[in-house]
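Okay, structure first, notes after.
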Amino acid sequence: MSDSPDITNTVGPDGRASGRPGDVPEAVRRRYLTERRLDGAVVYFTDATVVTPSFRDTGDRLVAARGDPATIRDLLMVAQHRGWTGLQVRGADGFRREAWLQARALGLTVEGYRPSERDEQALARRLDATQRTQTHPDRQHATQRQNTLDLRDPRDRTRVVETVVRRRTVESSLQTEILERARARIAELQRSRQHERDATHGRQ
């Protein structure tokens, strides 16, 4: 079975560096199903039903059918794993642009794409965001905590109910009625839980 002729986007080393087909980081290995072809290349599929592989690995180059950021991220993980510090990219403009952005953000050199002024600005923003995260990891952790719901907290439970009701109920008056009942029920549960805690402390 031959690969799709649409697979034209490639990432490879800019020199004589090579690699062994199938030699990829464990994180990449876990994301794909693989097949080894008669020519020794290894192809990577996202699941068992797709016909076209996400990318093909010949050892000295990685050939991708897709140009989405997630696939490019995996190609660059493989490149770094093999010690490719300089890359040669070919293919569609969008693929080469995203590969350039991600690779430069990782500190890799890239041939095969000439960045525009806007590309340089986009790269500067990515690097700035990465530096801020590394300099202030506590801010990142605080943001993660803010984005994590604790359903034991009545405020978070109310927020979930409000989101579901507003998405599934069009009529505003019905929304109001349902939300009022939900808030009353959550408050009742909270009072009951507080009463149980007070009773437990009283017995101690």
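The values are calculated or read from the model by the stated rules, or taken from the named source; none is laboratory data. Here the structure is a predicted model, which means the values were calculated and not measured. Note that we place each Cβ from the backbone using ideal geometry, even for glycine, and neighbour counts take in every protein chain shown.
Screening THR49 on (1) in contact (Cβ under 8 Å) with a residue 60 or more places away in the chain; (2) loosely packed, with under 14 Cβ neighbours inside 10 Å shows it passes everything except condition (1). Residues of the range 42-52 being modelled with pLDDT of 95 or more and of a type outside the set (Ser, Thr, Tyr), which ones? Correct list: VAL42, VAL43, PHE45. Screening VAL42, VAL28 for residues that are touching a helix residue (DSSP H, G or I) at 6+ places or on another chain (Cβ under 7 Å) and surrounded by 12 or more Cβ atoms within 10 Å (Cβ to Cβ) leaves exactly one candidate, VAL28. Among the residues making up the range 54-71, those that are surrounded by 16 or more Cβ atoms within 10 Å (Cβ to Cβ) and hydrophobic (A, V, I, L, M, F, W, C) are PHE55, LEU62, VAL63, ALA64, ALA65.
Taking the range 100-114 only, how many residues are touching a helix residue (DSSP H, G or I) at 6+ places or on another chain (Cβ under 6 Å) and more than 17 Å from ALA17 (Cβ to Cβ)? Residues meeting the conditions: 5.
Under the condition of being of a type outside the set (A, V, I, L, M, F, W, C) and in contact with a strand residue (DSSP E or B) (Cβ under 9 Å, 6 or more places away or on another chain), the residues counted in the range 64-93 number 11.
Of all residues in the range 11-29, those satisfying the criterion of being closer than 20 Å to ASP68 by Cβ and either assigned to a strand (DSSP E or B) or touching a residue at least 24 places away in the same chain (Cβ under 8 Å) (or both) are VAL11, GLY12, VAL24, PRO25, ALA27, VAL28. For the range 72-96, the set of residues classified as more than 18 Å from ARG16 (Cα to Cα) and surrounded by fewer than 20 Cβ atoms within 10 Å (Cβ to Cβ) consists of ARG73, MET77, GLY91, ALA92, ASP93, GLY94, listed by residue number.
Within the range 51-63, the presence of a residue that is closer than 22 Å to ALA124 by Cα and either among the acidic types (Asp, Glu) or touching a strand residue (DSSP E or B) at 6+ places or on another chain (Cβ under 8 Å) (or both) is excluded.
Can you pull out the residues in the range 60-100 that are acidic (Asp, Glu) and over 24 Å from GLY40 (Cα atoms)?
Residues satisfying the conditions are ASP68, ASP93, GLU98.
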